[in-house]
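*Asks:* Supplied in structure tokens, the structure appears directly below.
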Amino acid sequence: RDRVECYADLVGSAGLRSSPVHRWYYYKEGFSPLLPDRLVDSLGTAGTGVVLDPFLGVGTTLVALRSRPDVTSVLGSEYSPFAHFVATTKIAAAQVDPKRLRRAARRLIKFKADGRTLTIPHLTSLNDERIFSRRDVYDLLGARRAIEEDDALSEAERAFFLLGLAAIVEDV
């Protein structure tokens, strides 16, 4: 059956930009967080409560279905280590305390970027001054170092801040 009219408005990443947690990292291959719900509503889970997402991406299906009582688990596979990192960070969001994040952000924002102690990764666009100024590169690397070396952060909090940093790289 042709279901274009049921799903067409949900295919594409535009809906992610306004959805909590989903908007943390723009993923052009994404889809609306409403799509998994609509698919489960129309297809069900064959009585198993299990949903398989063979191309997990950044975890839109996982996050969208996590509070649905008729879905007991979402299984998925993702080849990209970065997309997997984004997905696990979004899933771990329930473990982070916003008050702790605010305190940590006030502490982290005071980082110092020292180009003498930072090494720019060799095979990245960070080496191309037509893309990134040296100052911006050192600021990004300094912020990453501050996040990675902050012993007061839990792993979920560290991932949250690293994802935030990754999300702004294109804007920089």
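The values are calculated or read from the model by the stated rules, or taken from the named source; none is laboratory data. Bear in mind the structure is a predicted one, so any value in this text is a computation, not a measurement. Virtual Cβ from ideal backbone geometry, glycine too; neighbours counted across all protein chains shown. We work out accessible area using only protein heavy atoms, side chains counted, and drop any ligands, DNA or RNA first. Shrake-Rupley method; radii C 1.70, N 1.55, O 1.52, S 1.80 Å.
*Asks:* I'm told Arg38 meets every condition in (1) under 18 Å from Ala87 (Cα atoms); (2) assigned to a helix (DSSP H, G or I) except one. Can you identify the failing condition by its number?
*Replies:* If we test Arg38 against (1) under 18 Å from Ala87 (Cα atoms); (2) assigned to a helix (DSSP H, G or I), just (1) comes out false.
*Asks:* OK, next. Would you check which residues across the stretch 77-94 are assigned to a helix (DSSP H, G or I) and aromatic (Phe, Trp, Tyr) and list them? Spell out the reasoning first.
*Replies:* Residues of the stretch 77-94 assigned to a helix (DSSP H, G or I): 81-94.
Result: Phe82, Phe85.
*Asks:* Then there's this: Against the definition (open to solvent by less than 20 Å² (accessible area, probe 1.4 Å) and at pLDDT below 90), how does Gly30 come out, yes or no?
*Replies:* On the way: open to solvent by less than 20 Å² (accessible area, probe 1.4 Å): yes; at pLDDT below 90: yes.
So Gly30 fits the description; yes.
*Asks:* Additional query: Filter the stretch 48-66 down to the residues that are open to solvent by 40 Å² or more (accessible area, probe 1.4 Å) and either at pLDDT below 90 or aliphatic (A, V, I, L, M) (or both), then identify the one that is farthest from the chain's Cα centre (by Cα). Break it down into steps so the answer makes sense when it comes.
*Replies:* As a first pass, look at the stretch 48-66 and keep what is open to solvent by 40 Å² or more (accessible area, probe 1.4 Å): 48, 50, 52, 54-55, 66.
This time we only want the ones that are either at pLDDT below 90 or aliphatic (A, V, I, L, M) (or both), so: 50, 52.
Values: Val50: 23, Leu52: 20 Å.
Checked the stretch 48-66; the qualifying residue farthest from the chain's Cα centre (by Cα) is Val50.
*Asks:* I would also like to ask the following. Under 7 Å by Cβ, and 6 or more places apart or on different chains, what pairs join a residue from the stretch 36-47 that is within 16 Å of Arg66 (Cβ to Cβ) and open to solvent by less than 40 Å² (accessible area, probe 1.4 Å) with one that is of a type in the set (A, V, I, L, M, F, W, C) and not in a helix (DSSP H, G or I)?
*Replies:* What qualifies is Val40/Val51; Val40/Val71; Thr45/Val51; Thr45/Val71.
*Asks:* Which residue is most open to solvent (accessible area, probe 1.4 Å), if the candidates are limited to the stretch 95-108 and must be part of a helix (DSSP H, G or I) and touching a residue at least 12 places away in the same chain (Cβ under 8 Å)? Show your work before the answer.
*Replies:* Step one: of the stretch 95-108, the residues part of a helix (DSSP H, G or I) are 95, 98-108.
Checking the rest, the ones that are also touching a residue at least 12 places away in the same chain (Cβ under 8 Å) come to 95, 100-101, 104-105, 107-108.
Numbers: Gln95: 141, Arg100: 92, Leu101: 24, Ala104: 3, Ala105: 40, Arg107: 103, Leu108: 20 Å².
Of everything passing the filter in the stretch 95-108, Gln95 is most open to solvent (accessible area, probe 1.4 Å).
*Asks:* Would it be correct to say that Ala113 is more than 23 Å from Tyr25 (Cα to Cα), open to solvent by 40 Å² or more (accessible area, probe 1.4 Å), small (Gly, Ala, Ser) and part of a loop (DSSP other than H, G, I, E, B)? Break it down stepwise before answering.
*Replies:* Numbers: more than 23 Å from Tyr25 (Cα to Cα): yes; open to solvent by 40 Å² or more (accessible area, probe 1.4 Å): no; small (Gly, Ala, Ser): yes; part of a loop (DSSP other than H, G, I, E, B): yes.
No: the conditions fail for Ala113.
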